[in-house]
1. Here is the link list: A:Lys492/B:Lys3; A:Lys492/B:Lys7; A:Lys14/A:Lys53; A:Lys382/A:Lys492; A:Lys177/A:Lys455; A:Lys119/A:Lys492. Which ones come out longer than 30 Å on Cα distance?
2. Can you check what the net charge comes to around A:Asn279, using other residues whose Cβ is under 14 Å from the Cβ of A:Asn279 (Lys, Arg +1; Asp, Glu -1)?
3. Report, largest value first, the span of the C-alpha coordinates of chain B along each principal axis, in whole Å.
4. Cross-link partners among lysines for B:Lys178, C-alpha distance below 16 Å, same-chain residues fewer than 8 apart left out?
5. Could you work out the relative contact order of segment A:185-494, using alpha carbon pairs under 8 angstrom and six or more residues apart, expressed as a whole percent?
6. Mind checking which of B:Pro177, B:Leu105, B:Val211 is farthest towards the positive end of segment B:95-231's charge dipole, using Cβ charges of +1 (Lys, Arg) and -1 (Asp, Glu) about the Cα centre?
7. Which whole number of Å³ per residue matches the convex hull of the alpha-carbon atoms in segment A:185-494?
8. Test of understanding: given chain B, find the longest segment containing no GluC sites (Glu not before Pro) that are in a DSSP loop and have at most 12 other Cβ atoms within 10 Å.
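No lab work stands behind these numbers, since they all come straight from the coordinates. This structure is a prediction, so every number in the text was calculated from the model and none was measured. Glycine also receives a Cβ, built like all others from the backbone with ideal geometry; neighbour counts cover every protein chain displayed.
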Amino acid sequence: MLEYREVSPDELRKAAAAIHNGGARPLTAMFANDERGLDGGMAIYCLFADGDKAPFIGLKCRIAGEPWEYPSLAPDIPAASWYEREINDLFGIVPAGHPDLRPLVLHENWPRGLYPLRKDFDPRQPVAEAATDYPIPDVEGQGVFEVPVGPIHAGIIEPGHFRFSQAGENIINLEAKLFFTHRGIEKAVEGLPVADAFYRAERICGACTVSHALAFAQAVEGLAGAAVPARAESVRVLAAELERLYNHAGDIGNLCAGVGFAVGISHGARLKERLMRLNERVAGNRFLRGMVVPGGVAMDVTAALTQDIAGVLHELEGDLKGLLEILHENNAFLDRVNTTGILSTRAAVDLGAVGVAARASGVNADWRRDLPYSLYPKLDFKVPVYHSGDVAARLWVRADEAFQAIGLIRQVLYGLPEVGGELRVRLPELPAGASGAGWSESARGGNLHWLMTGKNSTVYRLFVRSASYPNWPAVAVAAPGNIIPDFPLVNKSFELCYACIDR
Amino acid sequence: MLKMLRKIIYTGTVTESWDAAPVPPRFRGAVTVAQNRCANCGRCAAACPTGAIAITGETLTVDHRACIFCGRCVEVCEQNALQHNGDYQLASLGEELQTRIRRILGRSLAVRHVDAGSCNACDWEMVALSNPVYDLQQYGIDFVASPRHADMLMVTGVVTRNLTQALRMTYEATPAPKLVMAVGSCAASGKTFGASYAIRGGADALVPVDVYVPGCPPRPSALIYGLMLVLDRLKR
């Protein structure tokens, strides 16, 4: 259960800045909730990662009535900027004094003045096609030109629109228009029993399936006051680390695609395929869907599977080492990745960056260690940190983490509690009107699900903060100063999800 | 350089036939119904997150296009009437597929991907088709960078409001005769996330679909099965 300090709209900005303290406690989530039907008013919630006494310090600001407005936090806390634009889009609550209050989630097709996450908005009501604008700032000067790219790209990747302002080959400014795959999932689960909503939460993102399933399940279990069986916790960690491993192995290969290094691409793709097939044997699905369920896990790891996993890891470890040796010793490759796409430590802290991107820029943070959950406090692993903030640093963080993941999988495989134990507890009815959070460190960083319950164990409001959310603005900071042909490489080195943030 | 050559030689050829990947025992493929055991209790239909199960009279049918293969119906069935089997070859042709088009396309196919609002899982499985194990090019099928070079669009995801224009424009930019494949449950049914202000439906809510490939996501061999089906190249 989370605790929130209640503040008035006038006090919010000062209180938030004091907790945030220049980034010492990163702003991890900020969202609105329409509570007019509960105690009247709209509420703004801010969660700051702490980890000292409690995982999060919460602030709740109630706005009693119109005008739906509060003073923007973005001037003090740059990481608040996107959250506030989203709140403005979806709830029509205005962060007064926001330096850049353009639309974010809703595009030109959405009529102004209609706020889909307010409770009085019926999700089934037809919404007419609109033609408003989605302004992208101009960069002016002699010889400056624009290169528009996307949303449909040349390769098989997710949709985003990038507008590069160029002086010759050099990027001066990058504006990213995202949220093309916005499905309105947070609204689509409202009113559903949490047991049904789970399947939608699990499908927010393919590559972060386990992480989202785990975060949602933990939020539910926290509200139910239920303890997950020990063996199920082990299997959860196993699934989460298998997810990290296939992502990292695949992303190392994909990064080679950013420089056209065919040998690296092929080996990376081959290793990933091997892991995807292992996933299918473990969970019946190549993305490990169906393994984590609220209350535990759906399947056990049999003795035969234990042997299977250990065998694959044994071979993969040497195989991946061999691939990394090739990358480490290839000067043509190193030339491209070293000093490319630098994200400074200051920028990473200001934007609240997480995961691989943060750890490659000198930010020593990992939710598995700092905001402990599941079995991680009992397991032995290192958190690799690099300081150069470039493409190479993000690559080497991934490489080190892949081997740490192998180590973690081995620890749970050989430390599994006795076979035959319970795998899943039955969850009691959830208290109505309660709120809590679940979180997990995905291959890209921390994913957080904040859940408020309605009557009969239904979802009143779900807010999902994915790791890619604070990291996307970091891409726009890392790209300028590089040449435009290096952008795919910089982008691949962050390897962020669109589906995760668009949701 | 020597290490690189050594690794290439040591690894050898890893390419396999498209249907060579074994189907593991836990794999959740087609849902089969033992009608004689079914008690008609309706639990499965109520439990299905996407409404893929329909009961008419005493007959229970599963719409595989809408199924997300989550296993919940099998779990709640007290009569053990429902099972997931290992069948992943579930692609089916839309009503409007013209055999004439297949004749024109012959033995090669150029494919453009359109993410219409996917979770990226289907997209990653499409990426896997180009890995050295599946090596899609061995079948004369290629992914191309522009719809203007394409014979077929592979559409992933439910169609979102924000991608409506992009899907329409991509379809229009593809020269006729053209084919559309709806990849995965989202594109094939549009029901994965229920009703939403941001979702229009499946791919066929916007463009005519010629082939549907169920799965959440479909494994790579299920995608190649769908491609072979549309090209009429399956061994009979």
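1. Details: A:Lys492/B:Lys3 25 Å; A:Lys492/B:Lys7 24 Å; A:Lys14/A:Lys53 22 Å; A:Lys382/A:Lys492 24 Å; A:Lys177/A:Lys455 37 Å; A:Lys119/A:Lys492 38 Å.
Cα-Cα > 30 Å for A:Lys177/A:Lys455; A:Lys119/A:Lys492; rest within.
2. Working: positive: A:Arg244, A:Lys272, A:Arg274, A:Arg277, A:Arg281, A:Arg286, A:Arg289, B:Arg26, B:Arg28, B:Arg219; negative: A:Glu241, A:Glu243, A:Glu273, A:Glu280, A:Asp308, B:Glu125.
Spelling it out: positives minus negatives among the neighbours equals +4.
3. 63, 45, 36
4. List returned: none.
5. Values: 582 pairs, mean separation 90.4, N = 310.
Computed over segment A:185-494, the figure is 29 percent.
6. B:Pro177
7. Numbers: hull volume 36.9 nm³, N = 310.
That works out to 119 Å³ per residue.
8. Details: sites that count: B:Glu58, B:Glu78, B:Glu95, B:Glu96.
The longest uninterrupted stretch comes out as B:97-236.
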